[in-house]
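What follows is a set of notes on a single structure, which appears directly below.
The values are calculated or read from the model by the stated rules, or taken from the named source; none is laboratory data. Computed from a prediction, not measured in an experiment: that's the story for all the values here. Here the Cβ is made from the backbone with ideal geometry for all residues, glycine too, and neighbour counts use every protein chain on show. For the accessible areas, the whole protein counts, side chains as well, though only heavy atoms, and no ligand, DNA or RNA atoms are used. Shrake-Rupley method; radii C 1.70, N 1.55, O 1.52, S 1.80 Å.
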Amino acid sequence: MSSTVNIQQKQHTETKNIRKQALETAMHSLEMREMTPRVERLYSRLQERMTKKQKVWGGTRSVLNERTSHLPTTNRRALAFEHVLLNMPIGIETDDLIVGNCVEKGVAVRCLLPQFVKDEELGKTAVSMSHKTPDYELLVHKGLQHVLLKIDQKKAELENQAHQAQIRKKLDLLEAMMVEAKAAIKMARRYADLAEDLSITEKDSARKEELIRIAEVCRRVPEYPARTMQEAIQSFWFINYAFFQTETNISCGRLDQLFNPFFTSDVEKGILTTEQGQELIDCLCLRINDRIQIDPDNYAYSGGQESDVLGPLPKQFNISHNIGYVRREAPLSERGEPQKGKDGLNDQTDAINHWGQNVLISGLKADKTDGTSAVTYMFLNANEKLSLTSPVLTVRLHKKSPQALLVRTAEVLKHGGGMPFINNDDVIIDAYAKQGVKWEDACDYANSNCWETLIQGKSNQEMIRGINFLLYLELVLNRGRSLLTGEVLGLDTGDPLAFESFDDLMAAWKKQIEYSLKTRITSAANQILGPGGHGPYSTMPLLSALMSDCIENAEDLTHCGARYTIWHVLGEAASNAADAMAAIRKLVFEEQKMSMEQLLTALRSNWEGQEGRTLRQMIVNDAPKFGNDIDFVDDLCKEMCDYFLVRTQVHTAPYKDKIIFPCSIATFSWIISIGKRIAASADGRMHSEPIASNLTPVPGSDTSGPTAAINSYLKINTKAMAAGVPIDLRMNRNSIEGEQGNSRLANIIKTFIDM
């Protein structure tokens, strides 16, 4: 017995040492931060490909015929999904370890779903979806075989009630789930067959072994549970890729938590080194960027029919940045008018190479322990060395995050590119728990297509955008009408010249946002609980099958089948609105350096004329600005945000058992297009100019440094905003150079989390 115990203790010690060494290597080894020869070759191929014009496949195809036209939209969609996965061009190229890309002769191919929507369903069926994260844990650890078994069991339970229309609809969905799940398995087998074929003619013995191994992996996953790190990554990628190629861009979720158990097991068994694990992560990150393109002539679309650029298209197709194309539009003159004969790209172009491939690393686990692992550092290493738009990397931090992770995060941030994003687990998890999400589910929050949050594998998430704080002030000052178009967009809250005090102005602003919130929330809730928030004919069978409770409910995630339905309520232009309110309060009502009539005249003329220019300079130079730790303006921002929070809670209360409505202050990257809808504003902004991003100081106005900007931000009640409230900080590079700079930046991050 003693000998057995000693052996077990020795094995435990050896295992512990192996894990520790792997963590240390991933964290500190400089080799892990460099590209291997394989990764260099893959990266070079990607660089060459990103300048080539890409192809579109599937535009002329259709699944509508005499045999299928009578089927429900759900089942026709499943046939279209199946058609893509079984017929799209596929390839395995030199050096590939993780396979799954659509390519012809070295050119990336973007697939379209064949026509499956009938004419009477057009506009009532969302073809392209985002803001979702499947249950990749279920997929990787159980496989689609397990999912198919669950569907079979639910079908058997409902079969004897098939005569009921509602039950028939559920059975149709379950059948569509099976078709799409089986299609994903068949797609993997296509790659297995291709790898085997390539291995037969491969002359290089090492590559021949790799191809044989790839074939074995593709025959195993995603049908069966993964056993190794390579199988886990491949299983994840196949399903992500299947959605990718059928016009759905979804977030990846907590991939270090997903892959680390397999990495640890492989290392302990001696079948994988830490360096090989890093190479697999690098290969995955490159795979995510297969369709990247950087030449605007290859992704811009100007006038005419879509077919002029893309060829014939299914009727259901809508051109957008999500498929890699964006309309050109005429740039505006100084007066905000389109300039004839000229064209430019709108701010959707920044999303051309961003497909919602968000990866979150580290963070709290359901048992309240920290989730930092060797794979956490592998993703940081990959982000640093590859410097690509995707995946969007977010580090989840909390008060007990290891100092080494803070320092490494700081190092990668200094590298440029604005990543990784930083999330505060302590705030976000608690905020979701207060919204009614189980704490252990809230711990598994992920980011949606940008940074906004969702509950991975358990939620359908979308948003109500356009709660525009600055626009509401414009409506107050113009009696409910847009100063740009004259269109009635809000309430007539009275003649602003009759306002006797700043309190009258603020009260009118509150009436505008109250009206908008009530209208927008009621409309969204009625849509979600009625025909569905994505349209009455919209369904996502496989995505629903990989979402908690959808199979059990036999209901699609887009029709409240998932455990949580989350609709974010997003405020915009809060910083600009606070600056504008502060300027009016100080210069019009308190110091009376300008009259309300003078201000209105200047705004309507876009600050033209000597008086207009003088007033604008007074506002720019003399009025306090959010982001400088000045209570005068910060308190106004807090008052507006608090009112936004409270009234959102009031108007969403009737739906709290069905829908979660977290708040956020959010612009994403659409600061140009949002600004184009707003006239000249009392913060000194010219009409149609961009606004500040998220809850960030207006560019150029934060003159007191990042600490002051953080202090202003922390006065706002962000703890109640589970959707997330980003602040974007700009720092002087000289202040964060070298090892001392790493520590300084890490301390700023830690202070932000602690506060």
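Observations on the structure shown:
- Within the chain, DSSP assigns beta bridges of which about 30% are antiparallel (rounded to the nearest 5).
- Quarter of Cα convex hull surface for region 111-219, i.e. mean projection, nm²: 10.5 nm²
- Peptides 472-484, 33-45 ranked from most to least packed, by the mean per-residue count of other Cβ atoms within 10 Å: 472-484, 33-45.
- Normalising the average separation of contacting C-alpha pairs (under 8 angstrom, six or more residues apart) by the number of residues puts the relative contact order of region 534-624 at 17 percent.
- The residues of the chain present an accessible area of 40 Å² per residue when probed at 1.4 Å with all protein chains retained.
- Protein accessible area in region 551-670, 1.4 Å probe - carbon and sulfur %: 45 percent
- All-pairs Cα distance distribution in region 580-656, expressed in whole percent, bin size 5 Å: 3, 15, 20, 17, 13, 12, 8, 6, 4, 2, 0
- Between helix 205-220 and the chain there is an angle of about 80 degrees, using the helix long axis and the longest principal axis of the Cα atoms.
- Its relative contact order, with pairs defined as Cα atoms under 8 Å and 6+ residues apart, puts region 407-457 at 20 percent.
- Option label - P(r) over Cα pairs in 20 Å bins from 0, in percent computed here, alternatives (1) 15, 40, 28, 13, 3, 0; (2) 16, 47, 31, 6, 0; (3) 15, 36, 32, 15, 2, 0: (2)
- Cα lying deepest toward the dipole's positive end in the chain, options GLN403, MET27, GLY277, charges on Cβ: GLY277
- Sorting the segments 250-258, 152-160 by their mean number of nearby beta carbons within 10 angstrom, highest to lowest, gives 250-258, 152-160.
- Mean Cβ count within 10 Å, highest first, over the residues of peptides 234-243, 367-376: 234-243, 367-376
- Taking every alpha-carbon pair under 8 Å whose residues sit at least 6 apart, region 72-198 reaches a relative contact order of 40 percent.
- Taking the protein heavy atoms of region 391-489 in the context of the full set of protein chains, the accessible area attributed to carbon and sulfur is 52 percent at 1.4 Å.
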